[in-house]
Amino acid sequence: HRHLLGIEQLSQSDITAILDLAEKYVELNRQSLKHADELSGLTQINMFFENSTRTQASFELAGKRLGADVMNMAMQASSIKKGETLIDTAMTLNAMHPDLLVVRHPQSGAVDLLAQKVNCAVLNAGDGRHEHPTQALLDALTIRRAKGRLHRLTVAICGDVAHSRVARSNLILLGKMENRIRLIGPPTLVPGHFAEFGAEVYEDMSDGLKDADVVMMLRLQKERMDGGFIPSEREYYHRYGLDAAKLALAKPDAIVMHPGPMNRGVEIDGTLADDINRSVIQEQVEMGVAVRMAAMELLARHHREVAA
Ligand code: CP
């Protein structure tokens, strides 16, 4: 592949190849000397048009640990503020010959559009409600390591599915790997058409969590709501917030996931989120660096082969 724009374009074997390579980087990242040279001499530019902690930090560390020259564009201070368009901005940076462009944008499809205009590899770091492919890959690696496999698992994805690119990318990935997927939430946040992806839709946590191997909570995306999606945060927490009592409905060894950033006491109980016997939230962050190293290495390798 030329770019990593979405899980939609990946096959089962593409997904397995990225996860297998990422395993090597999990080991490297745990050593005191975390240096490899797979991206040595290459230039990586990170362009985040939307806030980020995990994705931006891990893409930067991933590039640096592989020896790339990494530049973070401060989009708030860029000429976008003077009215320059996304495409003109991308073309300007493209003229400086980057090899990897990592892009997050609030509009669905913006990263795909940009990828058509530049000659380097583009990695989607989240576009609107569309896709967040490296998040789904890091979630997949976390699940595979915790459960020993990435197929025939029952995965419950709970909460604000409607606004979530994380849910969408996970739904596609977990479906491709032949898992059983359940979406749980109020109808305003889990539109019925998501059943088209092969998922079962539940309105009640008590039905949907039964026998789940993985419970993936989603952030309530207030910035993408214009009111009316939930009655109140208190009522939402009562019905859909994950706590120990609701988790007891899932399998006894079910793991708890959350992509972050978390709203403690809204979609998840803070104590449960911190319970290292059930929650793999910190592992998800750890896997994020390894998966991004693997994804960038594979794209760089592809570009080298094409150029040769
Ligand atoms: N999970 C995730 O994408 O987090 P950030 O928005 O902090 O990057």
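The values are calculated or read from the model by the stated rules, or taken from the named source; none is laboratory data. Since this is a predicted model, take the numbers as computed values, not measurements. Positions of Cβ are backbone-derived with ideal geometry, glycine not excepted, and every protein chain shown enters the neighbour counts. Heavy atoms of the whole protein, side chains included, go into the accessibility calculation; ligands, DNA and RNA do not. Shrake-Rupley method; radii C 1.70, N 1.55, O 1.52, S 1.80 Å.
Based on this model, can you work out whether Met47 counts as farther than 22 Å from His302 by Cβ and within 16 Å of the ligand (Cβ to nearest atom)?
Numbers: farther than 22 Å from His302 by Cβ: no; within 16 Å of the ligand (Cβ to nearest atom): yes.
Here the answer is no, as Met47 does not meet what is asked.
Between a first residue in region 17-28 that is surrounded by 18 or more Cβ atoms within 10 Å (Cβ to Cβ) and a second residue that is β-branched (Val, Ile, Thr), which pairs have beta carbons less than 6 Å apart while being 6 or more apart in sequence or on different chains? Cβ pairs passing all conditions: Ala22/Val291. In region 164-174, which residue that is open to solvent by 10 Å² or more (accessible area, probe 1.4 Å) and out of contact with any helix residue (DSSP H, G or I) (no Cβ under 7 Å at 6 or more places or on another chain) is farthest from the ligand (Cβ to nearest atom)? It comes out as Arg168.
Scanning region 138-163 for residues that are open to solvent by less than 10 Å² (accessible area, probe 1.4 Å), part of a loop (DSSP other than H, G, I, E, B) and under 30 Å from Asp226 (Cβ atoms) gives Gly159, Asp160, Val161, His163. Taken over region 121-135, the criterion of being in a strand (DSSP E or B) and within 14 Å of the ligand (Cβ to nearest atom) is satisfied by Leu123, Asn124, Ala125, Gly126, Asp127, Glu131. Thr53 meets all of the listed conditions (1) within 16 Å of the ligand (Cβ to nearest atom); (2) at pLDDT 95 or above; (3) surrounded by 15 or more Cβ atoms within 10 Å (Cβ to Cβ) but one, namely (3). Pairs under 8 Å by beta carbon, first residue more than 17 Å from Val289 (Cβ to Cβ) in region 137-149, partner part of a helix (DSSP H, G or I) and at pLDDT 95 or above, six or more apart or different chains? Matching pairs, first to second residue: Ala146/Glu283. Beta carbons closer than 8 Å, at least 6 apart along the sequence or on distinct chains, pair a first residue in region 191-202 that is of a type in the set (Phe, Trp, Tyr) with a second that is open to solvent by 60 Å² or more (accessible area, probe 1.4 Å) for Phe194/Val201. In region 106-115, the qualifying residues are those that are more than 15 Å from the chain's Cα centre (by Cα) and not in a helix (DSSP H, G or I), and the one that is farthest from the ligand (Cβ to nearest atom) is Gly109. Before we move on, is Glu286 more than 16 Å from the ligand (Cβ to nearest atom) and either at pLDDT below 95 or part of a helix (DSSP H, G or I) (or both)? No, not satisfied. Does Glu23 satisfy the condition of being under 17 Å from Gln135 (Cβ atoms) and under 18 Å from the mean Cα position of the chain (by Cα)? It is false that Glu23 is under 17 Å from Gln135 (Cβ atoms) and under 18 Å from the mean Cα position of the chain (by Cα).
For region 175-207, the set of residues classified as under 20 Å from Leu220 (Cβ atoms), open to solvent by 30 Å² or more (accessible area, probe 1.4 Å) and either in a strand (DSSP E or B) or of a type in the set (Phe, Trp, Tyr) (or both) consists of Val201, Tyr202, listed by residue number.
Out of Val118, Val103, one residue alone is more than 22 Å from Gly288 (Cβ to Cβ) and either part of a loop (DSSP other than H, G, I, E, B) or within 17 Å of the chain's Cα centre (by Cα) (or both). It is Val118.
Picking from Gly41, Gly63, which residue would you name as being open to solvent by less than 80 Å² (accessible area, probe 1.4 Å) and within 16 Å of the ligand (Cβ to nearest atom)? Can you show your working first?
On the way: Gly41 fails: within 16 Å of the ligand (Cβ to nearest atom).
Answer to the check: Gly63.
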